[in-house]
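A.B. asks: Here you go, one structure.
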Amino acid sequence: MSERLTEKQLLQVVAEVERLNQRRTAEYDRTQVVDILKELNLPTDLVDEALVQLERRQALELQQRRNRFIWSGAAAFAALVVAGAIFWGQQTQQKLSRVRPLEAQVNPAIVDARVRGTVVFRVTLADAPVGETLALQCDWVDPSGTVVHQNRYRTQPIDREVWPTACRYTPVGEARTGSWKVTMSLPDRVLGSRGFEVR
């Protein structure tokens, strides 16, 4: 350091010397502690044990502060994870709430009960969540109102907002004749429904 100081540096040096002096006068060595205990008519043979207890207490306080810091950090992290999960869930729910059917059709619209063919329900979805998949379900309902078949599937990752999807049903044996219905839905709502005839 140079021999010459600015006024600001001088004030800083004075403040530092004063702080060090206060620290020196606030600290006592073992001999001074023994002298103080003698003046107070307290036993001096307990000084070492008292110093050990004091160090333990300070170490315990330090450990408790660290533990509080760790627990508060863990609690803050957990709160952040929960808030993130809620936010992500709300974002996902908002994306799903925008999904709607543009077009829905059953092929063939008239099915021969004696021929074992596959019936396909095609639905084109609008506002599909790009980059995600959808969990879809199709219920195939016969004329008596009984769900005779269910498709549950997850789409491929969606790469465009207008997304075609389909579910299929191949009746086993002779299908019950009459008006059938197929419904495609997300877990929380129906996306599309169409009727078809089995003759």
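A.B. asks: Compare V115, V14, V123 in a GNM of the chain, Cα atoms joined below 10 Å, and give the one with the largest fluctuation.
C.D. replies: The residue that fluctuates most here is V14.
A.B. asks: Which of V111, V99, V33 moves the most in a Gaussian network model of the chain with Cα springs under 10 Å?
C.D. replies: V33
A.B. asks: Here is a follow-up. Of the residues A78, A109, A50, which exhibits the maximal mean-square fluctuation in a Gaussian network model of the chain defined by a 10 Å Cα contact cut-off?
C.D. replies: A50
A.B. asks: What does the charge add up to near H149, with Lys and Arg as +1, Asp and Glu as -1, over the other residues with Cβ less than 14 Å from its Cβ?
C.D. replies: Details: positive: R116, R152, R168, R176, K181; negative: D139, D142.
The answer is +3.
A.B. asks: Work out Dmax and Rg for segment 99-199 from the C-alpha atoms and quote the Rg first, both in angstrom.
C.D. replies: My reading of the Cα-based Rg and Dmax gives 13.9, 42 Å.
A.B. asks: Further question on the same structure: When the convex hull of the C-alpha atoms of the chain is computed, what volume per residue in Å³ does it have?
C.D. replies: On the way: hull volume 61.0 nm³, N = 199.
Normalising the Cα hull of the chain by residue number yields 306 Å³.
A.B. asks: Given segment 1-113, report the % of alpha carbon pairs whose separation exceeds 22 Å.
C.D. replies: Of all Cα-Cα distances in segment 1-113, 75 percent exceed 22 Å.
A.B. asks: List the lysines whose Cα sits under 30 Å from the Cα of K181, skipping any in the same chain fewer than 8 residues away.
C.D. replies: Straight-distance partners of K181: K95.
A.B. asks: Between V162 and I110, what is the FRET efficiency for a Förster distance of 41 Å, r being their Cβ-Cβ separation, to the nearest 0.05?
C.D. replies: FRET efficiency, V162 to I110: 0.90.
A.B. asks: Using a Förster radius of 25 Å, what is the FRET efficiency between T155 and Q94 based on their Cβ-Cβ separation? Nearest 0.05, please.
C.D. replies: Efficiency for this residue pair is about 0.85.
A.B. asks: What is the set of long-range amide H partners of L125 at a cut-off below 5 Å, with H atoms built 1.01 Å from backbone N?
C.D. replies: Excluding prolines and chain starts, which carry no amide H, the hits are L102, W163, T165.
A.B. asks: Also: Of the GluC sites (Glu not before Pro) in segment 24-96, which ones lie in a loop per DSSP and count no more than 13 other C-beta atoms within 10 Å?
C.D. replies: Sites meeting the loop and neighbour criteria: E27.
A.B. asks: What's the local net charge at L136, with K and R +1, D and E -1, over the other residues with C-beta under 10 Å away? Please list the in-between numbers first.
C.D. replies: Values: positive: R152, R154; negative: none.
After counting each charged neighbour, the total is +2.
A.B. asks: In what sequence, largest accessible area first, do K38, K8, K95, K181 appear using a 1.4 Å probe?
C.D. replies: K8, K38, K181, K95
A.B. asks: Kindly state, as a whole number, the per residue volume in cubic angstrom of the convex hull around the alpha carbon atoms of segment 51-148. Could you put the intermediate results ahead of the total?
C.D. replies: Details: hull volume 18.9 nm³, N = 98.
Cα-based convex hull of segment 51-148, divided per residue, equals 193 Å³.
A.B. asks: Taking the Cβ of A166 as the centre, find all other residues whose Cβ is under 15 Å away and add up their charges (Lys, Arg: +1; Asp, Glu: -1).
C.D. replies: +3
A.B. asks: Using a 7 Å offset from the Cα along the Cα-to-Cβ direction at both R4 and V172, what is the distance between the two label points in nm, to one decimal?
C.D. replies: That separation, rounded to one decimal, is 10.2 nm.
A.B. asks: Per residue, how big is the convex hull of segment 32-91 when only Cα atoms are used? Give it in Å³.
C.D. replies: 80
The values are calculated or read from the model by the stated rules, or taken from the named source; none is laboratory data. In this text the structure is predicted, and so the values were computed from the model without any measurement. In this analysis, Cβ positions are derived from the backbone assuming ideal geometry, glycine residues included, and neighbour counts consider all displayed protein chains. Ligands, DNA and RNA are stripped out before the accessible areas are found, and what is left, the full protein with its side chains, is counted by its heavy atoms. Shrake-Rupley method; radii C 1.70, N 1.55, O 1.52, S 1.80 Å.
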